[in-house]
Amino acid sequence: MASRSSLSLILAVVLPVASSAAQQRDTTKFHLDLASIMRGEETVGRAPAGVQWSGDSKWIYFQWAPAGTDWRAATTPYRVRAEAGALPEKTTTAQRDSMAALTPTGPSTKDGKWRVLSLQGDLWLVEMATGQRRRLTNTVQAEQALGWSADNSQIFYRVTDGIFSLRVGDGYVEQLADIRLATAGTAADVAAAGRGNAAAAG
């Protein structure tokens, strides 16, 4: 799979070509004059940003402003099929929601079939081949996915200062650790107690 920088370079070359093809279909002839040159990005379009692969590697998602877009306008979400000759298309809300689940931002199993995501503070299990999501938690606290067990049967995650495991098969949750740091006062008390014990021993 190409890196994000490689994708950005590819799209920066391909998208202006797509824009030019669209312009050629326009009945208005384009004039290469000083006024057109001064329009800059309005003429050639802006370079794509936020380039990401879909989880199934069939689409490339990005933010873009094609040629002809007012220079004051914000970029909008687009996607293009990862195949020769494909033309970019604006994405719908449903497509963007689907992409949010497939974006590789959470730990996946070693075989790449499953990924766990932290979406709006809850854990979701995503089947990468289909994009289907299943909610694993529904709590008021924010959960941060950390990783998978070696056999892919458990998901490890963090809630504030606690580390937990969640068994995927039946949803059983177990707290594994409490990682709260000692406060300055607690640390001082521990040090004082140690000095007192040392003095008593002497």
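Here is a check on your reading of the model: is G45 farther than 30 Å from R115 by Cβ and at pLDDT 85 or above?
Criteria not met by G45.
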request  = Look through segment 96-112, keep the residues that are at pLDDT 75 or above and closer than 24 Å to I163 by Cα, and return whichever of them is nearest to the chain's Cα centre (by Cα).
outcome  = G106
Top-ranked residue in segment 140-154 [being exposed (fewer than 11 other Cβ atoms within 10 Å of the Cβ) and modelled with pLDDT under 90; ranked as nearest to A177 (Cα to Cα)] = Q141
request  = Hey, could you check segment 126-142 for residues that are of a type outside the set (V, I, T) and under 15 Å from the mean Cα position of the chain (by Cα) and say which is nearest to S165 (Cα to Cα)?
outcome  = M128
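The values are calculated or read from the model by the stated rules, or taken from the named source; none is laboratory data. Just so you know, these numbers come straight off a predicted model, no measurement behind them. Every residue, glycine as well, gets a Cβ built from its backbone with ideal geometry; the counts of neighbours run over all protein chains shown.
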